[in-house]
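In what follows, a single structure is set out as structure tokens and then discussed.
Read-outs: derived from the displayed coordinates by stated rules, not from any lab. Computed from a predicted model, the values in this text were never measured in an experiment. Note: ideal-geometry Cβ built from the backbone for every residue, glycine included; neighbour counts use all protein chains shown.
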Amino acid sequence: MPMAASGKSAEARGQRPPGEPARVFHGGDLAAARALFPGAPEPWLDLSTGINPHAYPVGAIAPSAFSRLPAAADVAALEQGAAAAYGAARPAAVVSAPGTQALIQLLPRLIPARQVAVLGFSYQEHAACWRAAGATVRVVDHIGDLTAADINVAVIVNPNNPDGRVVPVADLLAVAAQLAARERTLIVDEAFMDVVRPSASLVPHLPDAGAIVLRSFGKAYGLAGLRLGFAVAAPAQSGRLRAMMGPWAVSGPAIAIGARALADDAWLEATRLRLDAAARCLDGVLREAGLELVGGTSLYRLAASREAAGWFQRLGRAGILVRPFPDRPHWLRFGLPGSPDAWARLCHAFGVTPRAPAPVA
């Protein structure tokens with residue numbers, strides 16, 4: 001689990017040394033953590049991802065979901081449920097996929113682009129996938145730079161991962177309109193929108209051209225291993241994406257669980273309250289430990305410290321994995337502990353007052 005040297009790397013500046021493959025670091029790699037900290041106690045406490053530690057209770061799944069190929073009607077019902085949950089005006093605009101990562105990797109085939117701009121330091125798979133397709137990728141600091149004359153595709157992660165920045169819908173629509181006027185495209189990755197001001201979503205306001213929105217299922221519902229995500233796009237692009245996916249792109253169990261969970265508004269609302277309380281509690285732990293809060297969402301918190309590398313090592317030796325950033329060596333991202341024991345373990349490793357979020361009624 002590498003820690004970068006200080007200073008911006010070429011990748012962070014939107015460039016990459018010739019011939020060097022893109023390197024994207026993710027959380028959740030316990031095998032690498034065990035190799036780096038062979039003496040750490042088991043089981044590991046993995047706080048390196050932004051996944052709800054309290055997963056949706058999936059309940060019983062019909063055996064036929066495993067034994068039969070998914071029916072087209074079941075896929076359509078799932079996409080209708082996603083359209084209702086996300087506020088899409090047309091269910092046909094919603095395309096289901098085996099996770100948003102699969103969609104991110106397909107988008108360069110859907111939209112050939114020579115010049116791509118990504119707003120800010122963000123989820124790095126976007127830049128990596130466009131570069132792998134031969135595009136030149138620029139990481140820009142200002143939203144106005146996304147509409148430069150040479151840009152074919154602009155990417156905004158909203159809320160942003162890892163700092164939680166939220167771009168207002170009006171600004172997204174303005175960018176989409178400018179790009180659409182030149183037959184260019186805005187891609188908005190709303191992977192964490194379920195828990196962060198859902199009213200900030202572009203989906204209910206999606207224009208007829210110029211924008212594609214990605215939505216993740218597994219993060220808010222705590223079922224990342226299910227591999228389920230959605231794209232919401234204008235009819236021409238959604239039809240092409242669906243054709244590119246081919247038949248049976250989403251598994252029967254994912255269809256059954258996704259349709260059930262997306263219709264459970266009460267569970268999602270209770271989950272938002274629970275996550276908000278946990279995020280506030282985690283903020284208190286991090287501040288008492290002397291870290292500076294930089295941002296995040298209610299599924300993860302981003303903190304800064306001159307001693308970030310030391311904290312990563314100390315926590316790792318205690319069997320607690322957090323997310324470092326090779327290109328931002330002073331940052332660490334923390335997911336939420338999922339049990340009183342996990343909270344106690346984190347507090348003990350930090351040497352701070354034991355605490356856990358109060359139950360939400």
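With the radius of gyration and the Kirkwood radius both derived from the Cα set of the chain, what is their ratio Rg to Rh? Walk me through the intermediate numbers first.
Working: Rg = 20.4 Å, Rh = 21.2 Å.
Computed over Cα atoms, the ratio is 0.96.
Pull out the extension gain between Arg355 and Ala132, defined as 0.36 nm times the separation in residues minus the alpha carbon to alpha carbon distance; nm, one decimal.
Working: separation 223, 0.36 × 223 = 80.28 nm, distance 4.50 nm.
Here the answer is 75.8 nm.
Sorting check: for 336-345, 295-304, which peptide has the highest mean count of neighbouring beta carbons within 10 Å, and how do the rest follow?
So the order, starting with the most tightly packed, is 295-304, 336-345.
If you line up the Cα atoms of the range 209-361 on their principal axes, what length do they span on each, largest first, in Å?
54, 40, 27
Sort out for me the Cα centre separation of the range 214-247 from the range 121-193, rounded to whole Å.
18
Nothing charged except the Cβ atoms of Lys and Arg (+1) and of Asp and Glu (-1): what's the magnitude of the dipole of the chain about its Cα centre? Round to the nearest 20 debye. Don't jump to the answer; show the numbers that get you there.
Working: 34 positive and 28 negative charges, 96 e Å.
Its charge dipole is roughly 460 debye.
Calculate the dipole size of the range 64-263 relative to its Cα centre from +1 charges on Lys and Arg beta carbons and -1 charges on Asp and Glu beta carbons; express the result in debye to the nearest 20. Spell out each step's value before the answer.
Numbers: 16 positive and 13 negative charges, 89 e Å.
Dipole of the range 64-263, to the nearest 20 debye: 420 debye.
Tell me, what is the percent relative contact order of the chain, built from C-alpha pairs under 8 Å that lie six or more residues apart?
Details: 666 pairs, mean separation 91.5, N = 361.
Result for the chain is 25 percent.
Quantify how much of the Cα-Cα distance distribution of the range 64-263 extends past 29 Å, in percent.
Working: 3527 of 19900 pairs.
Cα-Cα pairs of the range 64-263 separated by over 29 Å account for 18 percent.
Mean residue ellipticity at 222 nm from the helices of the chain, using -39,500 (n - 2.57) per DSSP H segment of n ≥ 4 over the full residue count, to the nearest 500 deg cm²/dmol?
Taken over the chain, the calculation gives -10500 deg cm²/dmol.
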